[in-house]
Amino acid sequence: MNDTVKPAIVFHLQEPIESITATRDTVTGTFYYQLQIEEQKSPTTQKLLVNGIIALVIILCLWLFTRKRFSKKASPYNQFKQTDIYKLMRDKGYYSANKKPVFEAVNEQETNELSETVLKIFTSFSDILKKSDLNEKDLQFCCLVKSRLTTLELSEIYCVSQSAIFKRKQKAKELLGFKSDKRTLDAIFEGM
């Protein structure tokens, strides 16, 4: 004999019930109930794809935000650009994007301050220069090159031709032991 069981008896189950069957043991009179639970349907591939793309966009935005924020603080060049001597030199026409800038004269005290600032901020560069056999003038010249002054700007500061600056860069490159390196002195210093 079969008995009908109402779904209300098994509401405590979390999965939806597809069917319930009951059978009665004729010897003992006990009823045995068999529940068939509906198979859980997995989320569609489209929903998973959309959620994955949203998660990737959020992660990418967070990564870009933190990278930009921390790279500005960590970059020695950004620190250098915040110094008073950099701002003074920029006001005098140096570090300009203009192809034909108008330069104001720079005195020895300003070039000394500029090179000292470079040595303070770019510590690994400073360590390399201190281990070399550069004299004081060559050391100062290297600091000005490291500060990203162009050949034109350096020729203005030293009141010499651009070819004289090029030769001086070659000499500094040799003194620092980079004679066989094919890169320019500016490119070598960029990596330090």
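The values are calculated or read from the model by the stated rules, or taken from the named source; none is laboratory data. Just so it is clear, the model here is predicted, and its values are computed rather than measured. Neighbour counts run over all protein chains shown; Cβ positions are idealised from the backbone, glycine included. The accessibility values were calculated without ligands, DNA or RNA, using every heavy atom of the protein model including side chains. Shrake-Rupley method; radii C 1.70, N 1.55, O 1.52, S 1.80 Å.
The listed residues Thr66, Thr28, Thr45, once ranked by accessible area (1.4 Å probe) with the largest placed first, stand as Thr45, Thr28, Thr66.
What order do Tyr32, Tyr86, Tyr94 take when sorted by accessible area (1.4 Å probe), most exposed first?
Values: Tyr32 125, Tyr86 25, Tyr94 0 Å².
Per-residue accessible area, sorted high to low, gives Tyr32, Tyr86, Tyr94.
Shown are Met192, Met89, whose ranking by accessible area with a 1.4 Å probe and every protein chain present, most to least, is Met192, Met89. Taking all protein chains together and rolling a 1.4 Å probe, Ile53 ends up with roughly 90 Å² accessible. For GluC sites (Glu not before Pro), the sites in the range 104-177 that DSSP calls loop and that have at most 14 other Cβ atoms within 10 Å are Glu104. One chain, two ends: Glu113 and Trp63. Fully extended at 0.36 nm per residue, the span grows by 14.3 nm beyond their Cα-Cα distance.
Over 30 Å apart at the Cα level, from the set Lys87/Lys179; Lys99/Lys173; Lys81/Lys171, are Lys87/Lys179.
Using r as the Cβ-Cβ distance of Gln46 and Ala22, and R0 as 41 Å, what FRET efficiency do you calculate, to the nearest 0.05? Intermediate values should be presented prior to the final figure.
On the way: r = 41 Å, r/R0 = 0.99.
After rounding, the FRET efficiency stands at 0.50.
For the range 89-155, the set of trypsin sites (Lys or Arg not before Pro) satisfying both a DSSP loop assignment and a count of at most 13 other C-beta atoms within 10 Å is given as Lys99. Across the range 55-182, how large is the tail of the calculated P(r) beyond 23 Å, expressed as a percent of all Cα pairs? Tail of the P(r) past 23 Å holds 42 percent of the pairs.
About its Cα centre, how strong a charge dipole does the range 102-192 have in debye, to the nearest 20, once Lys and Arg get +1 and Asp and Glu get -1 at the Cβ? Don't skip to the end; give the middle numbers.
Details: 14 positive and 15 negative charges, 112 e Å.
Value, rounded to 20: 540 debye.
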